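Notes follow once the structure below has been shown.
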Amino acid sequence: MRMLAAFIILATPLAAAEVPSGQEVTLHEVLVDAQDTATYLRFRFVAPQIAAGPTKIGFDVAGTDMMHLCNDLALPYMDEYALQGDRIVISFMDRITEFGVPDPDATQYFEQFRPENGVCMWDEF
């Protein structure tokens, strides 16, 4: 049985984050997704530049940004709010979408990591 316990802990409604590519990303929400076998901490970011167009940021560049956000934002966030999770999922969406509801018009990228010894290790889905 899957149970989603969602809560948002943000100092401001939307928190901007700096990433290596320089693209604009904003933390939208943090969800705690407790499943039977693992607890996923989902950090959902709005990243308008991943949308199709002349300034599109591809997954290859976004993936580096996601690793950076896992190490420099998600891990300290977990410590600050005493969150425990087996996996960290960093997701980028070109516009706000409802979690778990398909939106075929939205562009979204996802990466999953394992927190190990104070760093994020890429973890293939």
| query | Starting at 0 and stepping by 5 Å, how many percent of the alpha carbon pairs of segment 16-125 end up in each bin? | reply | 2, 12, 25, 25, 20, 11, 4, 1, 0
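Sort 101-110, 62-71, 49-58, 16-25 by packing, meaning the average of other beta carbons within 10 Å per residue, with the highest value first. Walk me through the numbers before you get to the answer.
Numbers: 101-110: 12.3, 62-71: 21.0, 49-58: 13.8, 16-25: 15.8.
Going by the mean number of other Cβ atoms within 10 Å, highest first, we get 62-71, 16-25, 49-58, 101-110.
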| Between E98 and E124, what FRET efficiency comes out of the Förster formula 1/(1 + (r/R0)^6) with R0 = 41 Å and r the beta carbon distance, rounded to 0.05? | 0.95
| Total charge dipole magnitude, the chain, about the Cα centre, Cβ charges on Lys, Arg, Asp, Glu only, Debye to nearest 20 | 160
| field | Added length on full extension, which subtracts the Cα-Cα distance from 0.36 nm per residue, T39 to D72 | value | 9.9 nm
| task | Would you mind working out the magnitude of the charge dipole of segment 20-65 relative to its Cα centre, with +1 at each Lys and Arg C-beta and -1 at each Asp and Glu C-beta, to the nearest 20 Debye? | result | 120
| request: Would you be so kind as to identify which of P54, F92, P102 lies farthest towards the positive end of the dipole of the chain, taking Lys and Arg as +1 and Asp and Glu as -1 on Cβ and the Cα centre as origin? | output: P102
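Read-outs: derived from the displayed coordinates by stated rules, not from any lab. Just so it is clear, the structure is predicted and the values come from calculations on it, not from any experiment. Backbone-built Cβ (ideal geometry, glycine too); neighbour counts: all protein chains shown.
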